[in-house]
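Worksheet: the structure to be examined is printed underneath.
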Amino acid sequence: MKSKIASTQYAPSATDLALLLALVRGGTLALAAQRLGADASTVFRALQRIEKSLGQRLFERGRRGYLPTEAALAIAGHAERIEAELEAARGALQAGGDGVSGRVRLTTTDSVLRGVVLPCLPALAALHPQLQLELRAGNELASLTKRDADLALRATSRPPAHLVGRSLGTLRFVTCVGRALPAAQRRQPLDSLPWIAPDDAMPEHPSVRWRRRQLPRVQPRYLVDGIVGVVDGIRAGLGVGVVPQFMLAHEPQLQPVGGPLDDCQSELWLLAHPESRHLRRIAAVYQHLADQVRLP
């Protein structure tokens, strides 16, 4: 009976909601504490207090960390909407009602950052001088659901259903050698040249799948941790590799061998979380990239 009385009298504070949302997103006490700028023991004690006040468990503890119950997920949904409204209010105050300001976190891959995003940014900076961009590039893209980033440019044929976005076009790939490679070598068959390729962290990359189908006997001599590494290796004259076609516009030292490869492509998607897509700072970057990105 006491637990029912406690749960009906308990009114969660904004701090409580922020803590529960951080734990849903982080999945562990340590990651939740990192998001909140606190320590794990503080998060643990606060969670115990909240659950005791509610008279029910909000998380199941297991080897994989803290798994939210249906009640916790429902609370997190409300907390996300509150968070989005607070961000919108702060943005309006910082801008004095005019202009766009604040930080937008964009996650993408190294090649898309270099060949697609960076060329678009000078015009964006001129339009919105108070805007700050945090750019993250890597093979493991930050999670929009957990709000590790605000926007993502992701190469995929099937974007996650829980995100909103649009396709910016088809990513096509070409086989290239470097002009630093002696001309006689550049004319040799592809399977006789040294190959530069993504390492085992990218087994499903379109270029890897294509090479394994078309040149099954080729064993790359150089393995790198991203497509920019492939581009740099080709430019240095190390051998041959497969790169996105859009990189050719910014890499004059790369010489394509033939046209775009058949059965080696993907779609470039610009993605956002539906709860934050409408925020002015995020909407401004989203719309600029949607208008400016042009794939060959």
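May I ask you to list pairs of residues, at least six apart or on different chains, whose Cβ atoms are under 9 Å apart, with the first in the stretch 207-226 being under 23 Å from T109 (Cβ atoms) and small (G, A, S) and the second being part of a helix (DSSP H, G or I) and open to solvent by less than 90 Å² (accessible area, probe 1.4 Å)?
If the second residue must be part of a helix (DSSP H, G or I) and open to solvent by less than 90 Å² (accessible area, probe 1.4 Å), the pairs left are S207/I227; S207/V230; G226/D110; G226/S111.
For the stretch 7-55, list the helices (runs of 4 or more DSSP H) that sit wholly inside it and hold at least 1 residues that are touching an Asp or Glu at 6+ places or on another chain (Cβ under 9 Å) and without any contact (Cβ under 8 Å) to a residue 40 or more places away in the chain; which are they?
Output list reads 29-36, 40-54.
With A89, A126 as the choices, which residue is closer than 20 Å to H273 by Cβ and at pLDDT below 95? Even if it seems obvious, please write down each step before you answer.
Working: A126 fails: closer than 20 Å to H273 by Cβ.
Among A89, A126, only A89 is closer than 20 Å to H273 by Cβ and at pLDDT below 95.
Could you list, in sequence order, the residues of the stretch 169-193 that are part of a strand (DSSP E or B), open to solvent by less than 50 Å² (accessible area, probe 1.4 Å) and touching a helix residue (DSSP H, G or I) at 6+ places or on another chain (Cβ under 7 Å)?
Matches in the stretch 169-193: F173, V174, T175, C176, V177, G178.
Suppose the filter is touching a Cys at 6+ places or on another chain (Cβ under 8 Å) and not β-branched (V, I, T); does P274 pass it?
no
Test A272 against the criterion of being closer than 25 Å to H162 by Cβ, small (G, A, S), buried (at least 22 other Cβ atoms within 10 Å of the Cβ) and within 18 Å of the chain's Cα centre (by Cα), and give yes or no.
Judged against the criteria, A272 is a match.
With the requirement that a residue be modelled with pLDDT of 90 or more and over 18 Å from H288 (Cα atoms), what does the stretch 137-177 give you?
Selection gives T170, L171, R172, F173, V174, T175, C176, V177.
What is the one condition in (1) within 20 Å of E275 (Cα to Cα); (2) touching a strand residue (DSSP E or B) at 6+ places or on another chain (Cβ under 8 Å); (3) of a type in the set (A, V, I, L, M, F, W, C) that I75 does not satisfy?
Condition (2) is where I75 drops out.
Here is a list of conditions, (1) at pLDDT below 80; (2) surrounded by fewer than 14 Cβ atoms within 10 Å (Cβ to Cβ); (3) more than 23 Å from T15 (Cβ to Cβ); (4) not hydrophobic (A, V, I, L, M, F, W, C), and G99 meets all of them except one; can you say which number that is?
Answer for G99: the failing condition is (2).
Tally time: how many residues in the stretch 216-247 are open to solvent by less than 50 Å² (accessible area, probe 1.4 Å) and in a helix (DSSP H, G or I)?
10
I need the full set of residues from the stretch 146-168 which are in a strand (DSSP E or B), among the aliphatic types (A, V, I, L, M) and open to solvent by 40 Å² or more (accessible area, probe 1.4 Å), in order please.
A155, V164
I'm checking my understanding of the structure. Among residues of the stretch 275-284 that are part of a loop (DSSP other than H, G, I, E, B) and crowded, with 16+ Cβ neighbours inside 10 Å, which one is modelled with the lowest pLDDT?
E275
All but one of (1) out of contact with any helix residue (DSSP H, G or I) (no Cβ under 6 Å at 6 or more places or on another chain); (2) surrounded by fewer than 16 Cβ atoms within 10 Å (Cβ to Cβ); (3) of a type outside the set (S, T, N, Q); (4) at pLDDT 90 or above hold for L113; state the number of the condition that does not hold.
It fails just one condition, (2).
The values are calculated or read from the model by the stated rules, or taken from the named source; none is laboratory data. This one's a predicted model, so the numbers in the text were calculated from it and none came from an experiment. Ideal geometry is used to build each Cβ from the backbone, glycine not excepted, and the neighbour counts take in all protein chains shown. Accessible surface is based on the protein model in full, side chains and every heavy atom, while ligands, DNA and RNA are left aside. Shrake-Rupley method; radii C 1.70, N 1.55, O 1.52, S 1.80 Å.
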